[in-house]
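Chemist: Here it is: the structure, laid out below.
Readers should treat all values here as calculations from the given coordinates under stated rules, not as data from a laboratory. Given the structure is predicted, the values throughout are model-derived calculations rather than measurements. When we count neighbours, we look across all protein chains shown, and the Cβ atoms used for this are built from the backbone with ideal geometry, even at glycine.
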Amino acid sequence: QLQLVESGGGLVQPGGSLRLSCAASGDTLDYYTIAWFRQAPGKEREGVSCISSIGVSTMYADSVKGRFLIARDKAKNTVYMQMNSLKPEDTAVYYCAADRSSRFSYCSAYVWRRGSDFGSWGQGTQVTVSS
């Protein structure tokens with residue numbers, strides 16, 4: 001069974017950068033679509049980025065386009081999310097999630113709407129952007 005562990009969160013000043021990692025065990029991530037979600041206090045969980053199991057399709061929330069980058073490292077069975085130009089509104093707990101079912105083969109708005117259906121979730125990592 002796939003297990004995911006996030007790391008890389010922390011406290012950073014506005015304009016700074018962090019790289020989140022989502023390390024997998026129990027299966028290879030090659031067959032999974034991976035998505036990052038985040039949840040800030042008092043707010044609903046929202047999709048941040050996605051990388052599909054088929055091809056090299058990626059997708060980003062409008063709020064992070066041009067600042068965040070999701071990528072796979074197949075050798076390390078890990079997915080990373082590089083976060084640059086961080087803003088206070090990026091403060092949240094960040095979760096990675098994975099699913100290999102056909103309905104999530106491609107990154108689309110459906111992933112954002114039905115992300116809670118993803119089969120595997122990490123425990124989350126806190127990102128705080130503050131001066």
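Chemist: Check the straight Cα-Cα distances from residue 87 and name the lysines below 20 Å, setting aside those fewer than 8 residues away within the same chain.
Modeler: 43, 65
Chemist: Taking every eigenvalue of the Cα gyration tensor of the chain, multiplying by 5 and rooting it, what semi-axes result, largest first, whole Å?
Modeler: Value: 23, 15, 13 Å, ordered largest first.
Chemist: Based on DSSP, what percent of beta bridges with both residues in the chain are antiparallel, to the nearest 5?
Modeler: Among the beta bridges of the chain, antiparallel pairing accounts for roughly 90 percent.
Chemist: Quick one: net charge around residue 98, please, counting Lys, Arg +1 and Asp, Glu -1 for every other residue with C-beta under 13 Å from its C-beta.
Modeler: In short, -3.
Chemist: Can you pull the one-decimal nm distance between simple spin-label points at residue 128 and residue 77, each 7 Å off the Cα toward Cβ?
Modeler: 3.3
Chemist: Also: Pop a pseudo-label 7 angstrom from the Cα along the beta-carbon direction at both residue 58 and residue 109 and give the gap in nm to one decimal.
Modeler: So the label points at residue 58 and residue 109 sit 2.3 nm apart.
Chemist: If contacts are Cα pairs under 8 angstrom and at least 6 residues apart, what is the relative contact order of region 18-64 in percent?
Modeler: Answer for region 18-64 is 28 percent.
Chemist: For the pair residue 45/residue 13, report the inter-label distance in nm, with labels modelled 7 Å from Cα in the Cβ direction.
Modeler: Calculated label separation equals 3.4 nm.
Chemist: When Lys and Arg each count +1 and Asp and Glu each count -1, what net charge do the other residues less than 15 Å away from residue 1, Cβ to Cβ, add up to?
Modeler: Result for the local shell: -1.
Chemist: What number, in percent, do you get for the relative contact order of the chain if the mean sequence gap of Cα pairs under 8 Å and at least 6 apart is divided by its residue count?
Modeler: About 36 percent, as a whole number.
Chemist: By a straight-distance test (C-alpha under 18 Å), which aspartates and glutamates pair with residue 74 as possible cross-link partners, with residues fewer than eight away in the same chain excluded?
Modeler: Cross-link targets: 6, 27, 30, 99.
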